[in-house]
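Written below as structure tokens is the structure these notes are about.
The values are calculated or read from the model by the stated rules, or taken from the named source; none is laboratory data. Values in this document were obtained by computation on a predicted structure and should not be read as measured data. Every residue, glycine among them, receives a Cβ derived from its backbone with ideal geometry; neighbour counts consider all protein chains shown. These area figures cover heavy atoms from the full protein model, side chains too; ligands, DNA and RNA do not enter into them. Shrake-Rupley method; radii C 1.70, N 1.55, O 1.52, S 1.80 Å.
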Amino acid sequence: MNTTFDVIVIGGGPGGYIAAIRAAQLGFSVACIDEWKNSKGGPAPGGTCTNVGCIPSKALLQSSEHFEHAQHHFADHGIGLKDLSIDVPKMLARKDQVVRQNNEGILYLFKKNKVSFFHGRGSFVRALEGGWEVAVAGAGQEVLTGRQVVLATGSSARALPGAPFDEERILSNDGALRIGGVPRRLALIGSGVIGLEMGSVWRRLGAEVTVLEALPTFLGAVDEQVAKEAHKAFIKQGLKIELGVKVGEIVRAGEGVSVAYTDAKGQPHTLEVDRLIVSIGRVPNTTGLNAEAVGLKLDERGAIVVDEQCHTNLPGVWAVGDVVRGPMLAHKAEEEGVAVAERIAGQHGHVNFDTIPWVIYTSPEIAWVGKTEQQLKAEGRAYRAGSFPFMANGRARALGDTTGMVKMLADAATDEVLGVHIVGPYASELIAEAVMAMEFKASSEDIARICHAHPSLSEATKEAALAVDKRTLNF
Ligand code: FAD
Ligand code: NAI
């Protein structure tokens, strides 16, 4: 097998595998090295996203949402059900099948694009004249040489000091996605994206879920109005969310875990649960790279230091995705992967950080792009805001899901859309229109003048645009 390449990509998650494919499309000879193993020890490219992140979490969110609908909402449609039950092993097997399909899809794409795939750990050996030597430690040991190297090694869950993950009772995202039966009592530390998504899955299936959050505000990065609306909905569903807590000692006790904490008023508590998920953020993966040997610069968090172009301090070495600064999102990693491949080809790859959408796949879904109202106020920027509730949208009523709204923020003078914030049904899909509008520097009037299909949830976006000019038609 060839061992000399134009481009070597280390890491086969969304940042790495997409960089490899784009580089191959541009005519380079490309190797992609990834160490993730499936349950049989075989390759499982796709990284955190495919194996223990985006894809399996959405599979479980879907299954648990079906269960919740059958339990609480089918009756409204005149559908009767007897003996509703949940077969957790079957639900997990379906999720595993979805993951496998994605793993296999990536291997197929590598073949189609003539990307050479190496299963094992990639690490730097030494600098060469105009390139790099990279070792692959897998079933055997191989040494590759590449003119350019793209690092896309991703991130791993951060553990709390004194409470290492055992993936049996104290769980990271990995263990959280394969709990073999519905725990009676579940605690999550951190009410960020994973806390809310995983908390929702197990709450819908019947667990008593408590989320402990250190910060005094709920979803502080989200537009306040949207965060309030979401908080109200989660509490109504039965999620217990404690803000402003200080987590103390965590011990495995009896069959479960006991979590000591003080609440916002300084009162001490102990929470006894069957399982604990710790979702307090993630740390970049750089330990296996032999970074010291070649002088690759890392910051104090262990992330690889890059410039705006994703170039590291080493010539011909780039880094993308969770292992560098910026939001830890699969689509951000992909965009950087494409941009780097294009820069290697001498093109002008570009990532617009101002229009990267965020989505939290709870029910209601939360999605946003651009600035929040708090940010605009802090910047002293004059803006106009308009919002439209799904309660006044015909399609939402027909769906039986009228929670939430679309909110639009536009510059007071130019009317350029500065931010769109959605909480409600299919917010994850609706946000794409807002991203496109902002990428094209649309005004709220542009959106208000576009014909939107009726009845559709997207009409709420048009109405929010009309609301900026205080002329909604249906509210
Ligand atoms: P990763 O996906 O982490 O991939 C890195 C790969 O490199 C891994 O396969 C790893 O094994 C491999 N690797 C590391 N070191 C080496 C080495 N030395 N040699 C060989 N291989 C190596 N983001 C979203 O946008 N939407 C979501 O819905 C979403 N849901 C998520 C849900 C959960 C539970 C979690 C944990 C994350 C979620 N994310 C989501 C975040 C998303 O998964 C990450 O942002 C994304 O995977 C980052 O891609 P990446 O390519 O940088 O790294
Ligand atoms: P997060 O950064 O979203 O949330 C972590 C939360 O934990 C914060 O609210 C923080 O204040 C809190 N926290 C930190 N230390 C704490 C402590 N000691 N005690 C109590 N609370 C504490 O991180 P999370 O949920 O682990 O997810 C990691 C990343 O993965 C996300 O930031 C996101 O980038 C990505 N992700 C994206 C998803 C999506 O796009 N839908 C889904 C899941 C994850």
Tally time: how many residues in segment 177-194 are touching a Phe, Trp or Tyr at 6+ places or on another chain (Cβ under 9 Å) and more than 16 Å from ligand 2 (Cβ to nearest atom)?
3
Count of segment 364-373 residues which are within 16 Å of ligand 2 (Cβ to nearest atom) and open to solvent by 30 Å² or more (accessible area, probe 1.4 Å):
1
Just to check your reading of the model, which residue among GLY105, GLY41 is under 16 Å from GLY13 (Cα atoms), without any contact (Cβ under 8 Å) to a residue 24 or more places away in the chain and open to solvent by less than 60 Å² (accessible area, probe 1.4 Å)?
GLY105
For residues that are under 21 Å from TRP202 (Cα atoms), away from ligand 1 (no atom under 13 Å from the Cβ) and either under 19 Å from the mean Cα position of the chain (by Cα) or hydrophobic (A, V, I, L, M, F, W, C) (or both), tally how many sit in segment 160-178.
1
Residues satisfying the stated conditions in segment 332-346, i.e. open to solvent by 10 Å² or more (accessible area, probe 1.4 Å) and not small (Gly, Ala, Ser)
GLU334, GLU335, VAL338, GLU342, ARG343, ILE344
Qualifying residues in segment 284-315 (those that are open to solvent by 50 Å² or more (accessible area, probe 1.4 Å) and in contact (Cβ under 8 Å) with a residue 60 or more places away in the chain) - the one nearest to GLY47 (Cα to Cα)
ASN290
Among the residues in segment 316-328, are any open to solvent by 20 Å² or more (accessible area, probe 1.4 Å), away from ligand 1 (no atom under 15 Å from the Cβ) and over 22 Å from GLY175 (Cβ atoms)?
no
Looking at GLU197, is it surrounded by fewer than 23 Cβ atoms within 10 Å (Cβ to Cβ) and within 11 Å of ligand 2 (Cβ to nearest atom)?
yes
Tell me, yes or no, whether segment 198-220 has at least one residue that is in a helix (DSSP H, G or I), within 16 Å of ligand 1 (Cβ to nearest atom), under 30 Å from LEU376 (Cα atoms) and in contact with a Leu (Cβ under 8 Å, 6 or more places away or on another chain).
no
Of the residues TYR17, TYR108, which is more than 16 Å from ligand 2 (Cβ to nearest atom), part of a helix (DSSP H, G or I) and touching a helix residue (DSSP H, G or I) at 6+ places or on another chain (Cβ under 6 Å)?
TYR17
